[in-house]
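Below: the structure, in structure tokens.
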Amino acid sequence: MSMKEHILAALREQLQRWEDLLASLSTGQIAAPLLPSHWTIKDVIAHLRAWQQRSVARLEAARADREPVYPRWLAGADPDMEDNTEPVNAWIYEAHRELSWAEVHENWRAGFLRLLELSEGISEKDLLDPSRYAWLEGYPLAYILLATYDHHQEHLEILLARLQEQAQVNM
């Protein structure tokens, strides 16, 4: 299996893990705060979707051989800077909290599928070459895919731990 195939298989498995988990939850569980946070599962999915848009923008740029056109989040803020993560996440929460679960889920799922589709159309050479896209400043495009996987995995592990804690409290 090539490195590209390995990365895409891992992303497909990640999508399936999330879809299986989400399908197993009730509407009440999806809407309930994940203590000690005030975020719900819907909020987590909206958060993942918002960050996913930046990854999709990079993949679209790679396919079109141009600079990325990022979504407009916070005027003047660079979400890639460590100091900006919390304000960006707070903005994402506020911007998406009134959306329905169906809308949030569909946007996230469609975005994930778009990410996979775009990735499939990029050669392994271009995906792995750290000098191919100057706007990635020395990182290979594969780094974006691995970061997407890691971001989803990080939130999945937190979510599963909180769901387990809540189940033990409710026993």
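The values are calculated or read from the model by the stated rules, or taken from the named source; none is laboratory data. On a predicted model such as this, the values are computed, not experimentally measured, just so you know. Here Cβ is always computed from backbone atoms with ideal geometry, including for glycine, and neighbour counts include all displayed protein chains.
Residues in region 107-138 that are surrounded by 14 or more Cβ atoms within 10 Å (Cβ to Cβ), assigned to a helix (DSSP H, G or I) and of a type outside the set (G, A, S): N107, W108, R109, F112, R114, L115, L116, L118, D126, L127, L128, L136. Kindly evaluate A142 against the criterion of being out of contact with any Ser or Thr (no Cβ under 7 Å at 6 or more places or on another chain) and without any contact (Cβ under 8 Å) to a residue 24 or more places away in the chain. So A142 does not fit the description; no. Going through (1) in contact with a helix residue (DSSP H, G or I) (Cβ under 8 Å, 6 or more places away or on another chain); (2) modelled with pLDDT of 85 or more; (3) over 27 Å from A142 (Cβ atoms); (4) not β-branched (V, I, T) one by one, L15 falls short only on (3).
Restricting attention to region 90-106, the residues that are assigned to a helix (DSSP H, G or I) and either over 22 Å from L15 (Cα atoms) or touching a Lys or Arg at 6+ places or on another chain (Cβ under 6 Å) (or both) total 6. The single condition among (1) over 30 Å from P33 (Cβ atoms); (2) modelled with pLDDT of 95 or more that Y149 does not meet is (1).
Can you name the residue in region 48-70 that is in a loop (DSSP other than H, G, I, E, B) and exposed (fewer than 13 other Cβ atoms within 10 Å of the Cβ) and, of all such residues, is modelled with the lowest pLDDT? Per the criteria, the residue is V69. Listed by first and then second residue, the pairs with beta-carbon distance under 7 Å, at least 6 apart or on different chains, first residue in region 104-128 and in contact (Cβ under 8 Å) with a residue 12 or more places away in the chain and over 14 Å from T148 (Cβ atoms), second outside any helix (DSSP H, G or I) and of a type outside the set (A, V, I, L, M), are E124/S2; D126/R132; L128/P140.
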